[in-house]
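What follows is calculated from the coordinates using simple rules that are stated; it is not laboratory data. The model shown is predicted, which means the values in this text are computed figures rather than measured ones. No Cβ is skipped: glycine too gets one built from the backbone with ideal geometry, and neighbour counts run over all protein chains shown.
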Amino acid sequence: MRALVFPVILFCVHALVLVAYIAFASRHKKSSTRPLRLAGRAALVQRDLDPEGFILLDGELWPARTRDGAINLHAGARVRVVGARGHTLEVEPLD
């Protein structure tokens, strides 16, 4: 009986580490393979765009960058999505 305790504990620890790694790794990936249809949508800057940062769009955090790269936007600014490159959204200030 004692000979099985250590291997079972070791197996459980490895399984827990694997599950934690999978959960952490999948947390930051967008799973959809459909084209993004977010152009024209308004969002809120969550982390400063200098020129890259993050915006909050429909409760999701998206990596974003300003379209011309020269404009820096601070957290709390409202922006409009004007395009995308992969999963990084291109934005401009909302007038």
request  = Compare the peptides 13-19, 50-56 by average per-residue count of other Cβ atoms within 10 angstrom and give them in order, highest first.
outcome  = 50-56, 13-19
note = Taking R0 as 35 Å and r as the Cβ-Cβ distance between residue 95 and residue 27, the FRET efficiency 1/(1 + (r/R0)^6), rounded to the nearest 0.05, comes to 0.55
ask   = In degrees from 0 to 90, rounded to the nearest 10, what is the angle of the helix 2-27 Cα long axis to the longest principal axis of the chain?
value = 10
message = At 222 nm, what value in deg cm²/dmol follows for the chain if DSSP H runs of at least 4 each add -39500 (n - 2.57) and the sum is divided by all its residues, to the nearest 500?
response = -9500 deg cm²/dmol
key: Share of alpha-carbon pairs per 5 Å distance bin for the stretch 42-93, given as whole %   = 6, 27, 41, 22, 4, 0
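Give me the dipole magnitude in Debye, nearest 20, for the chain about the Cα centre, with unit charges on the beta carbon: positive for Lys and Arg, negative for Asp and Glu.
Charge dipole of the chain: 460 debye, to the nearest 20.
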request  = Take 60, 92 and order them by how many other Cβ atoms sit within 10 Å, fewest up front.
outcome  = 60, 92
request  = Based solely on C-alpha atoms, express the radius of gyration and the Dmax of the chain in angstrom.
outcome  = 20.5, 72
